[in-house]
Amino acid sequence: MAGALAVLNYDLVGYKRTWRGSAMSSFVLPVLFVLGFGISVGSLVNTSRLGGESYLSFLVPGMIASTALQVAFGESTWPVQTKFAWIRTYHAQIAAPLAIRDLVFGDMIFLVIRVVSTSAVFLLVTSLFGAVHSWWALVVLPACGLLGVAIAAPVFAFAATVEGSTNYFAFLQRFIVIPMSLFAGVFYPVSSLPIGVQPLAWISPLWHGVEICRAATHADHGSLWALLGHVAYLLLWAVVGLWLALRQFRRRLSD
Amino acid sequence: MPVQSPASSIAEHRVAPADAPLIYARSLVKRFGDFTAVNGIDLDVRTGESFGFLGPNGAGKSSTMRMVGCVSKPTEGTLRILGLDPAQHGVEIRAKLGVCPQQDTLDTELTVRQNLMTYARYFGIRRRVARAKADELLEFVQLAERADAKVDSLSGGMKRRVTIARALINDPEIVLLDEPTTGLDPQARHLVWERLFRLKQQGVTLVLTTHYMDEAEQLCDRLVVMDAGKIVAEGAPRELIERYSTREVLEVRFPGDDQAPYADKIANIGERVEVLPDRILLYAADGDAALVQVTDRGLHPSSVLVRRSSLEDVFLHLTGRTLVE
C-alpha cells in the first residue's frame, strides 16, 4: 500500500502543474453544457416519461456519470501510454522497490480522486440550480468512483498493449465512448430506444452508472435490488478490468 | 562526503566471514523468443568493486543489467543479488540498488528536485530526509543551482547527472549504470566520469556497461568483454591488455584504397597484425623500433601513429571487430 501511495504522490505532484487546464475540460465545459442544454432544451421537453422530474433534474445525474466516464477514459489512455513509451515513468518505477500492483493501484487511486472530485464540484454547482432532490445524492460520488474504475481498468489493460501509434485511442473514443454517451440513457431514457438496440445500452457500464446516479439524485430512489444489480455489474467490470490491467502491465514491464 | 559507505564500513564488510559476492551469476541465460541475448555467463562482483561490461551494441550488456536490476527474469541459470534470489525478493533487492538506465526516465515536466523527491518516496524515504538528501546529491552532481528548473530545460549531460543523483537517493549498495555517457559530448562525459570516479573512491560498488574503452579503462577495476551474449575475456583493464595485446601499437596508413598487400610485407615485424579498411595495426612491444623496420624495407606509409595498446585492441583481437562501428 505504501508503494501505491508513493505512485499516487507522483501523480499528484504532476497534477498540481496541470489541474487548471484539466478542470476546464473535465468540469467547467460539461457544467455549462448541462445548464445551457438542460434549462433551454429542457423547457421544450414533455416530462411525462421522465418520472415527474424536470428535464434538468433528469439530465444532471446522467451528465455527472458521463463526465466520470470521460475523465476516466482520458486518464487511462494517453497518460498510460506516455508512462510506458515516452516519459517511461513505469520503467523508472519498477527499477525502484515497487511492485507492478503498486503502479496500477497508485494510478487507479489517482484516477478515482480525479473522477470523484470532478463529480463533487459538478454535483455542488448543479444542486444550486435545483437539479438535486435528496441528500442521497452524495451516493453519486462513490458511484462515479466505481464507474471510473469499471471504465478505466480495462482501458489501462488495453493502453498497456499499445505500442507507438495512439490512433487506437481516437478509435475507442469515436466508436465506443461517444456512442456510449449518446445511447446509454444520459440524455433520454433507454426505454425510448428501439427494443432491439436497448441491450446495447444495458451492457455498457455507463448506463448502470447513470441509473445509480439518477436513483440517488431523484426524490424517488427506485428499487434497492435494481441498484444493487447495477453496483454488482460495475464491480464485475472493475475486478475483471483490474485483473487484465495487472496482467498486461506485467507482460509489458517484465520480459 | 555526500554519499554513504565510508571506507571503514567497506573494510568491515570485507573481513566479514560471509564474503559472498554482491552479484553472483552462474550460467545465466536470457532469451527473447528465438533470440539469445545472454548466453550462459558467470559473474562475481564484490563489495567496493567497480565492475564493467564492455562490448558493442547487441552484446547482451543491457539484458544482463536488466536481470541484475531485477526487472527482467533470467531464462536459465542462477542469479543472486546481495545473496537474494531476484525471482523471490525483487522488491527487497531493488530497495538497495541505484539504477541509471540507458534511456533517461526523468519526468521532463517536473523540476529536478521534484524528480528526486518523488523518486525518494518510492523507497519510503520521508519528505524531510528526502529534501536534505536531494540537496546534498544535487550539490554532488553540481546541479544545486538548477534544483528548481524543469528537467526539460537541461542539457543531455545535466539530465544524465540528475539521473545519477536520483540513483543515489537511497544510499544504494550497488549502483548500476547502463551506458552512463552514451550520447554525451566530450565535456559532459568527463564531468560524469569525474563524479563516478568520486563515488568509486568513496567505496560505492559500481557496475557499468559501456562501449567506450576509455570509459572502461578509467572507471573499472575489473571488467568482462562481452560479444554475442558471451563473456570472451575477464580481468583488470591492464591485465587484459597485457594478456591479449602488446605494449604498443604502430598504426600505419599506406596510399591507395587497399591496405592488405602492405600488411603481408610487414606482418613478421611485430607479434601480430590487423588490417582495417583504412589502416594497418602492427602490434609490437616497441612501436618506434617497428616503424624503423618498416621504413628499412623501403615502405613509406602516408601516415604513422605509435600509441599504447588499449582495450579496443583487446576487443579487436578477441572478436575481429572494432567496438564502435
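The values are calculated or read from the model by the stated rules, or taken from the named source; none is laboratory data. Note that the structure is predicted; figures quoted are calculated from it, not measured. Heads up, the Cβs are rebuilt from the backbone with ideal geometry, glycines too, and the neighbour counts pull from every protein chain shown.
Okay, here's what the table says:
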read-out	value
Failed item, numbered, when B:Ala149 is tested on (1) in contact with a strand residue (DSSP E or B) (Cβ under 8 Å, 6 or more places away or on another chain); (2) surrounded by fewer than 19 Cβ atoms within 10 Å (Cβ to Cβ); (3) over 21 Å from B:Leu177 (Cα atoms); (4) at the interface with another protein chain (Cβ under 9 Å from one of its Cβ atoms)	(4)
Per-region count, the range A:214-232, residues modelled with pLDDT of 95 or more and surrounded by 21 or more Cβ atoms within 10 Å (Cβ to Cβ)	1
Qualifying positions in the range B:130-153 - small (Gly, Ala, Ser) and over 12 Å from B:Leu116 (Cα atoms)	B:Ala144, B:Ala149, B:Ser153
Any chance B:Thr78 is modelled with pLDDT of 95 or more, farther than 27 Å from B:Leu316 by Cβ and among the polar types (S, T, N, Q)	yes
Strands (runs of 3 or more DSSP E) wholly inside the range B:202-286 containing at least 3 residues that are outside the structural domain of B:Ala167 (by TED's automatic domain parsing)	B:248-253, B:272-275, B:280-284
All positions within the range B:73-119 that are within 14 Å of A:Leu98 (Cα to Cα), at the interface with chain A (Cβ under 9 Å from one of its Cβ atoms) and without any contact (Cβ under 8 Å) to a residue 60 or more places away in the chain	B:Gly90, B:Val91, B:Glu92, B:Ile93, B:Arg94, B:Thr118, B:Tyr119
The range A:79-95, residues that are at the interface with chain B (Cβ under 7 Å from one of its Cβ atoms) and of a type outside the set (A, V, I, L, M, F, W, C)	A:Arg88, A:Thr89, A:His91, A:Gln93
Sole exception among (1) away from chain B (no Cβ under 14 Å); (2) buried (at least 22 other Cβ atoms within 10 Å of the Cβ); (3) in contact with a helix residue (DSSP H, G or I) (Cβ under 6 Å, 6 or more places away or on another chain) for A:Val45, by number	(2)
Qualifying residue in the range B:163-175 (condition: hydrophobic (A, V, I, L, M, F, W, C), farther than 23 Å from B:Ile125 by Cβ and crowded, with 23+ Cβ neighbours inside 10 Å)	no
Every residue from the range B:287-325 that is surrounded by 18 or more Cβ atoms within 10 Å (Cβ to Cβ) and assigned to a loop (DSSP other than H, G, I, E, B)	B:Pro301, B:Ser309, B:Ser310, B:Leu323
Unmet criterion (only one of (1) in contact with a helix residue (DSSP H, G or I) (Cβ under 7 Å, 6 or more places away or on another chain); (2) within 14 Å of chain B (Cβ to nearest Cβ); (3) in a helix (DSSP H, G or I)) for A:Leu98	(3)
Scan of the range A:153-167 for residues that are surrounded by 12 or more Cβ atoms within 10 Å (Cβ to Cβ) and assigned to a helix (DSSP H, G or I), ordered by number	A:Ala153, A:Pro154, A:Val155, A:Phe156, A:Ala157, A:Phe158, A:Ala159
Matching residues, the range B:70-79, being at negative phi, surrounded by fewer than 18 Cβ atoms within 10 Å (Cβ to Cβ) and touching a strand residue (DSSP E or B) at 6+ places or on another chain (Cβ under 7 Å)	B:Thr75, B:Glu76, B:Thr78
Hits in the range A:71-96 - residues which are surrounded by fewer than 23 Cβ atoms within 10 Å (Cβ to Cβ) and either touching a Leu at 6+ places or on another chain (Cβ under 6 Å) or farther than 15 Å from A:Phe156 by Cβ (or both)	A:Trp86, A:Ile87, A:Arg88, A:His91
Any pair with Cβ under 8 angstrom, 6 or more apart, that starts in the range B:125-143 at a residue that is surrounded by 15 or more Cβ atoms within 10 Å (Cβ to Cβ) and ends at one that is at pLDDT below 95 and among the charged types (D, E, K, R)	B:Phe140/B:Arg195; B:Phe140/B:Arg198; B:Val141/B:Arg161; B:Val141/B:Arg195; B:Leu143/B:Arg161
Unique match (being in a helix (DSSP H, G or I) and away from chain A (no Cβ under 13 Å)) among B:Val162, B:Val129	B:Val129
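Here is a yes/no grid of residues against (1) at pLDDT 95 or above; (2) part of a loop (DSSP other than H, G, I, E, B); (3) among the β-branched types (Val, Ile, Thr):
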position: A:Leu32; (1), (2), (3): no, no, no
position: A:Glu53; (1), (2), (3): no, yes, no
position: A:Leu56; (1), (2), (3): no, no, no
position: A:Gln93; (1), (2), (3): yes, no, no
